[in-house]
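Undergrad: Just passing along the structure, written as C-alpha cells.
The values are calculated or read from the model by the stated rules, or taken from the named source; none is laboratory data. Keep in mind that this is a model prediction, so the values were computed, not measured. Reconstructed Cβ throughout: ideal geometry from the backbone, glycine too, with neighbour counts over all protein chains shown.
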C-alpha cells in the first residue's frame, strides 16, 4: 500500500487552517470547541512528523507539546481563590474596548456572558502556566468547554456560581460586601456585568457595541435595573 505523503500533508495543512478559523471566529459553539480540542493535539502530531527532517525543529515541537500535555495530565494543587481572583480581574480589564458581538467569546468579538467566562478561562490558564499547576490548566479547559448564558450564570448553572444577594440595582448595592470578580446578573437574565473593585464594573455593552468600564454611580441603563449578585464557586473563600 502506497502512502500519498503529499496528500496527507495537504489535508494536515487544511485541518490547521480550519482550526485557526474556528479559533478566530468570534461566535463559539459546542461542535467547534470539540473540533478544536481534538484537532489541536492531532495537528501538533502532524507538525512533529513533517518536521522530522529538521531534527532541531521536531525536537522543539515534541518537547514543548509533550510538556503541555504533561501539565494537563499530572496531579495538581488546590487553586488559591485570591490568586485566581487577581488574575481574573486583570484579564477582564484586558477586554476593554473589544467589539460587542452577540454570542462572541474572543477578542475579535465578545458578548456579556462571553466576557465574564473567557476572562476566567484566561485567568485559569495564566495561573496554571505561571505556577505550573495542572489543576488550573484543566479547570480552564473545562470552563472553556462549558458554555453558559447570563441567565444560566445567575441561577448557578452546574454549580459554576453561588448566590450572594439581590438588589434593586447596581447603583444601590452595598459594595463593601462584594469581592472583585463577583457577577451582577439582571433579574430577567438578559445581561451580566463583572465587578472590578472600587465600585467599578465591566460589561460587554450591546448599546455601546463594545466592552466598557463604568463606575456604579454612572447614569447607565444596566446599572439601574434589578440584579442578582453571584460569585464564581472557585472564587468563593
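Undergrad: Before we move on, is residue 181 under 19 Å from residue 118 (Cα atoms), in contact with a strand residue (DSSP E or B) (Cβ under 9 Å, 6 or more places away or on another chain) and outside the structural domain of residue 27 (by TED's automatic domain parsing)?
TA: Details: under 19 Å from residue 118 (Cα atoms): yes; in contact with a strand residue (DSSP E or B) (Cβ under 9 Å, 6 or more places away or on another chain): yes; outside the structural domain of residue 27 (by TED's automatic domain parsing): yes.
For residue 181, the condition - under 19 Å from residue 118 (Cα atoms), in contact with a strand residue (DSSP E or B) (Cβ under 9 Å, 6 or more places away or on another chain) and outside the structural domain of residue 27 (by TED's automatic domain parsing) - is met.
Undergrad: Mind listing whichever residues of the stretch 187-198 are assigned to a loop (DSSP other than H, G, I, E, B) and either modelled with pLDDT under 95 or surrounded by fewer than 17 Cβ atoms within 10 Å (Cβ to Cβ) (or both)? Spell out the reasoning first.
TA: Residues of the stretch 187-198 that are assigned to a loop (DSSP other than H, G, I, E, B), as a first pass: 187-191, 198.
Hits for the stretch 187-198 are 187, 188, 189, 190, 198.
Undergrad: Might you check whether a residue that is in contact with a helix residue (DSSP H, G or I) (Cβ under 8 Å, 6 or more places away or on another chain) and farther than 26 Å from residue 220 by Cα occurs anywhere in the stretch 104-121?
TA: yes
Undergrad: Sort through 56, 44 and tell me the only one that's loosely packed, with under 12 Cβ neighbours inside 10 Å, modelled with pLDDT of 85 or more and farther than 30 Å from residue 197 by Cα.
TA: When all the criteria are applied, what remains is 56.
Undergrad: Now for a separate question. Might you check whether a residue that is part of a strand (DSSP E or B) and without any contact (Cβ under 8 Å) to a residue 60 or more places away in the chain occurs anywhere in the stretch 167-175?
TA: Residues of the stretch 167-175 part of a strand (DSSP E or B): 167.
Filter once more, so that each one left must be without any contact (Cβ under 8 Å) to a residue 60 or more places away in the chain: none.
Looking through the stretch 167-175, none of the residues is part of a strand (DSSP E or B) and without any contact (Cβ under 8 Å) to a residue 60 or more places away in the chain.
Undergrad: Another one. Looking at 132, 179, 193, 151, which one is under 28 Å from residue 108 (Cβ atoms) and in contact with a helix residue (DSSP H, G or I) (Cβ under 8 Å, 6 or more places away or on another chain)?
TA: Details: 132 fails: under 28 Å from residue 108 (Cβ atoms); 179 fails: under 28 Å from residue 108 (Cβ atoms); 151 fails: in contact with a helix residue (DSSP H, G or I) (Cβ under 8 Å, 6 or more places away or on another chain).
Just a single option satisfies the conditions, and that option is 193.
Undergrad: Identify the residue in the stretch 35-68 that is without any contact (Cβ under 8 Å) to a residue 24 or more places away in the chain and within 26 Å of residue 109 (Cα to Cα) and, among all such residues, is nearest to the chain's Cα centre (by Cα).
TA: So the residue we want is 36.
Undergrad: Tell me, please, whether a residue that is modelled with pLDDT of 95 or more, touching a strand residue (DSSP E or B) at 6+ places or on another chain (Cβ under 6 Å) and loosely packed, with under 15 Cβ neighbours inside 10 Å can be found in the stretch 166-174.
TA: Scanning the stretch 166-174 turns up at least one residue that is modelled with pLDDT of 95 or more, touching a strand residue (DSSP E or B) at 6+ places or on another chain (Cβ under 6 Å) and loosely packed, with under 15 Cβ neighbours inside 10 Å.
Undergrad: Out of all the residues in the stretch 74-106, which are surrounded by fewer than 17 Cβ atoms within 10 Å (Cβ to Cβ), under 23 Å from residue 30 (Cα atoms) and over 15 Å from the mean Cα position of the chain (by Cα)?
TA: 99, 102 - these are the residues of the stretch 74-106 that are surrounded by fewer than 17 Cβ atoms within 10 Å (Cβ to Cβ), under 23 Å from residue 30 (Cα atoms) and over 15 Å from the mean Cα position of the chain (by Cα).
Undergrad: Let me confirm something: among 119, 184, 152, 136, which residue is assigned to a helix (DSSP H, G or I) and within 23 Å of residue 198 (Cβ to Cβ)?
TA: Of the residues listed, the single one that is assigned to a helix (DSSP H, G or I) and within 23 Å of residue 198 (Cβ to Cβ) is 119.
Undergrad: Given the residues 76, 46, 16, 32, which is the only one that is touching a helix residue (DSSP H, G or I) at 6+ places or on another chain (Cβ under 7 Å), part of a helix (DSSP H, G or I) and closer than 30 Å to residue 183 by Cα?
TA: Of the residues listed, the single one that is touching a helix residue (DSSP H, G or I) at 6+ places or on another chain (Cβ under 7 Å), part of a helix (DSSP H, G or I) and closer than 30 Å to residue 183 by Cα is 32.
Undergrad: Hey, can you tell me all the residues within the stretch 159-179 that are within 23 Å of the chain's Cα centre (by Cα) and more than 25 Å from residue 101 (Cα to Cα)?
TA: Across the stretch 159-179, the qualifying residues are 159, 162, 163, 164, 178, 179.
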